[in-house]
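Asker: Below you will find the structure I want to go over with you.
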Amino acid sequence: DSANKIDRYSVSNFTSKNCLTESTAVVPDTRETTAGKFTVCYIYSPDLIERCDELHKIPMRASMVHSLIEAYGLLRHMQVISPTKATLEDMKQFHSEDYLNFLGKIADEDDDNVDEEAHQYGLGYDCPVYKGVYNLACLVSGATLKAADLLISLQARIIINWFGGWHHAKRDSAAGFCYVNDIVMGIQRLRQRFDRVLYVDLDLHHGDGVEDAFCTTNKVLTVSVHKHSPGFFPGTGSVTDVGVGKGKYYSVNIPLHDGIKDEQFVPLVCRILAHVKDRYKPEVVVCQCGADGIAGDPMESFNLTPVALMKCIYLLLSWNLPIMLLGGGGYHHANTARCWAYITGGVLGRKLACEIPDHKFLMEYGPDYELQIEVGNMKNHNSIEFLKRVYKQVTENISHIVQQEEEKTIQ
Ligand SMILES: CC1(C)CN(C2CCCC2)C(=O)N1c1ccccc1/C=C/C(=O)NO
Ligand SMILES: [Zn+2]
């Protein structure tokens, strides 16, 4: 029946009214979302926000995201949960002790010969060394681990953590501006209770760190849709990248070119997710909602609006599975805040005013001061033939996924 569900998610079924005619950006009927029945948890603490605000490539982005969600009055409709810091033991579940000790060493400012070693751990350039990095690592890891614990303890069915989603970090190195891989740690935690975890990565970039961590197992199925073209970071994630050994066919990659728009993105991703759902029957979902594919982002690659991400998330929510929504990329800070506030409203089934409400960062939303993000007019390099070929190759890969008998989860 998920096939006809897809029709429900084809673009025509959703219209986000033009601001000029509507006072609110329309979200699908609240009956469409499951949130009405369940508590939505929102992971937040002032300390977490302050640490994320320090990230030099996205200064103050975390505060802008949280302030806009607060300004729209959404916090009162969620259970706001303060995360605990991850311990060294927690982070050692994925990262190497050497790497974590090095991050800890940076914290002691006296040690100045840090720079040579830094490069072997992927630090410097895109992941600059700075004193607060170990504290950041504990907080972002702790936030996503807290989200996983809430799902495991059945305290909530939908957890939102816009301050996680650092999908590039590797076991023993930082990468792509990600210092620790909170997602891998969160999925490992979920595996203590759930037999099959589905990871969906909607960020512009390939979720290589998460795929690498689970490419040899069939207990975590990773789906990443991303820009894949010569020289674009991280360069992995071609459609033939399907995983290895027991994990063969449990890594799904949807490589795309510049300029893709909602109208093509949504049916392609949702039809593939429907196939994955039917074949894999996941018990829990983790979705990275990176916003660097949204029109207006300095990455200038995809031409999506937040509505595209929302529709994919609505499909995931319609499965009534425990689910965790995470942040990720997004370098136009106001658009990233617009995107994640819109998704938060959509998950809650609440209509958001088209006008950005007055709040501390209002001036960042000029000159229109609207929630909607208009698509750009960049060239779309994704021909219909190319998209059909990708869809055919991906669904062929997925057809190899076999029904799994229940197995003991790792103790
Ligand atoms: C350093 C930042 C993160 C910022 N940035 C742009 C944005 C605006 C001006 C520079 C990049 O291309 N970056 C990167 C540099 C090297 C490798 C990876 C990334 C981004 C990864 C990502 O978003 N994954 O989801
Ligand atoms: Zn990205």
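What follows is calculated from the coordinates using simple rules that are stated; it is not laboratory data. Since the model is a prediction, treat every value here as computed from it, not as a measurement. Using ideal geometry, Cβ is built from the backbone for each residue, glycine included, and neighbour counts are taken over all protein chains shown.
Asker: Among Thr344, Thr336, which is the only one that is crowded, with 24+ Cβ neighbours inside 10 Å and touching a Phe, Trp or Tyr at 6+ places or on another chain (Cβ under 8 Å)?
Answerer: Thr344
Asker: Just to check your reading of the model, which residue among Tyr249, Tyr280 is on the phi < 0 side of the Ramachandran plot, over 17 Å from the mean Cα position of the chain (by Cα) and hydroxyl-bearing (Ser, Thr, Tyr)?
Answerer: Residue meeting the stated conditions: Tyr280.
Asker: Could I ask something else about it? Might you let me know whether segment 262-275 holds any residue that is acidic (Asp, Glu), within 18 Å of the chain's Cα centre (by Cα), crowded, with 22+ Cβ neighbours inside 10 Å and within 16 Å of ligand 2 (Cβ to nearest atom)?
Answerer: no
Asker: If you don't mind, another one. Can we say Asn218 is away from ligand 2 (no atom under 16 Å from the Cβ) and either more than 20 Å from Asp297 (Cβ to Cβ) or aliphatic (A, V, I, L, M) (or both)?
Answerer: yes
Asker: Here is a further query. Tell me which residues, restricted to segment 56-86, are among the aliphatic types (A, V, I, L, M), surrounded by fewer than 20 Cβ atoms within 10 Å (Cβ to Cβ) and either within 16 Å of ligand 2 (Cβ to nearest atom) or without any contact (Cβ under 8 Å) to a residue 12 or more places away in the chain (or both).
Answerer: Answer for segment 56-86, where residues must be among the aliphatic types (A, V, I, L, M), surrounded by fewer than 20 Cβ atoms within 10 Å (Cβ to Cβ) and either within 16 Å of ligand 2 (Cβ to nearest atom) or without any contact (Cβ under 8 Å) to a residue 12 or more places away in the chain (or both): just Ile58.
Asker: Output the qualifying pairs, or none if there are none: Cβ atoms under 9 angstrom, residues six or more apart or on different chains, first residue in segment 154-175 and under 23 Å from Leu55 (Cα atoms) and basic (Lys, Arg), second residue more than 15 Å from ligand 2 (Cβ to nearest atom) and outside any loop (DSSP other than H, G, I, E, B).
Answerer: Lys170/Tyr99; Lys170/Asp212; Lys170/Ala213; Arg171/Tyr99; Arg171/Val184; Arg171/Asp212; Arg171/Ala213
Asker: Right, something else. Taking only segment 364-384 into account, find how many residues are polar (S, T, N, Q) and in contact (Cβ under 8 Å) with a residue 60 or more places away in the chain.
Answerer: Residues flagged as polar (S, T, N, Q) and in contact (Cβ under 8 Å) with a residue 60 or more places away in the chain within segment 364-384 amount to 3.
Asker: Of everything in segment 298-356, what is within 20 Å of Val266 (Cβ to Cβ) and among the polar types (S, T, N, Q)? Give them in sequence order.
Answerer: Answer for segment 298-356, where residues must be within 20 Å of Val266 (Cβ to Cβ) and among the polar types (S, T, N, Q): Ser301, Asn303, Thr305, Ser318, Asn335, Thr336, Thr344.
Asker: I need a count of the residues in segment 278-302 that are touching a helix residue (DSSP H, G or I) at 6+ places or on another chain (Cβ under 6 Å) and under 26 Å from Pro367 (Cβ atoms).
Answerer: Counting residues in segment 278-302 that are touching a helix residue (DSSP H, G or I) at 6+ places or on another chain (Cβ under 6 Å) and under 26 Å from Pro367 (Cβ atoms) gives 3.
Asker: What helices (runs of 4 or more DSSP H) lie completely within segment 303-411 and have 3 or more residues being of a type in the set (Gly, Ala, Ser) and in contact with a helix residue (DSSP H, G or I) (Cβ under 9 Å, 6 or more places away or on another chain)?
Answerer: 333-348
Asker: On to the next question. Tally up the residues in segment 198-209 that are away from ligand 1 (no atom under 11 Å from the Cβ) and aliphatic (A, V, I, L, M), please.
Answerer: 2
Asker: Turning to a different aspect of this structure: If we only count helices (runs of 4 or more DSSP H) wholly inside segment 87-191, which ones have 1 or more residues that are exposed (fewer than 15 other Cβ atoms within 10 Å of the Cβ)?
Answerer: It comes to 88-92, 97-107, 114-120.
Asker: For residues that are surrounded by fewer than 24 Cβ atoms within 10 Å (Cβ to Cβ) and farther than 29 Å from Val220 by Cα, scanning just segment 281-298, find the one that is farthest from ligand 1 (Cβ to nearest atom).
Answerer: Checking each candidate, the answer is Ala295.
Asker: What are the residues in segment 233-261 that are surrounded by 21 or more Cβ atoms within 10 Å (Cβ to Cβ), over 22 Å from Thr305 (Cα atoms) and of a type outside the set (Gly, Ala, Ser), if any?
Answerer: Within segment 233-261, Tyr250, Val252 meet the criteria.
Asker: Since Thr222 meets every condition but one in (1) closer than 19 Å to Gln288 by Cα; (2) β-branched (Val, Ile, Thr); (3) away from ligand 1 (no atom under 15 Å from the Cβ), which condition does it not meet?
Answerer: Among (1) closer than 19 Å to Gln288 by Cα; (2) β-branched (Val, Ile, Thr); (3) away from ligand 1 (no atom under 15 Å from the Cβ), Thr222 violates only (3).
Asker: So which residues in segment 284-315 are in contact with a Leu (Cβ under 6 Å, 6 or more places away or on another chain) and among the polar types (S, T, N, Q), if there are any at all?
Answerer: Answer for segment 284-315, where residues must be in contact with a Leu (Cβ under 6 Å, 6 or more places away or on another chain) and among the polar types (S, T, N, Q): Gln288, Ser301.
Asker: State which residue pairs qualify: first residue over 13 Å from Phe302 (Cβ atoms) and inside segment 323-343, second residue within 10 Å of ligand 1 (Cβ to nearest atom) and polar (S, T, N, Q) in any location, beta carbons under 8 Å apart, and separation of 6 or more residues or different chains.
Answerer: As it stands, the answer is Leu326/Gln288; Gly327/Gln288; Gly328/Gln288, since those pairs meet every condition given.
Asker: Let me ask something else. Filter segment 324-379 down to residues that are among the β-branched types (Val, Ile, Thr) and within 30 Å of Ala148 (Cα to Cα), then give me how many there are.
Answerer: Of the residues in that region, 4 qualify.
Results for (1) away from ligand 2 (no atom under 16 Å from the Cβ); (2) of a type in the set (Lys, Arg); (3) within 16 Å of Gly329 (Cβ to Cβ); (4) in contact with an Asp or Glu (Cβ under 6 Å, 6 or more places away or on another chain), shown as yes or no for each residue.
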position: Lys277; (1), (2), (3), (4): yes, yes, no, no
position: Val284; (1), (2), (3), (4): yes, no, no, no
position: Cys287; (1), (2), (3), (4): no, no, yes, no
position: Ala291; (1), (2), (3), (4): no, no, yes, no
position: Asp297; (1), (2), (3), (4): no, no, yes, no
position: Lys311; (1), (2), (3), (4): yes, yes, no, no
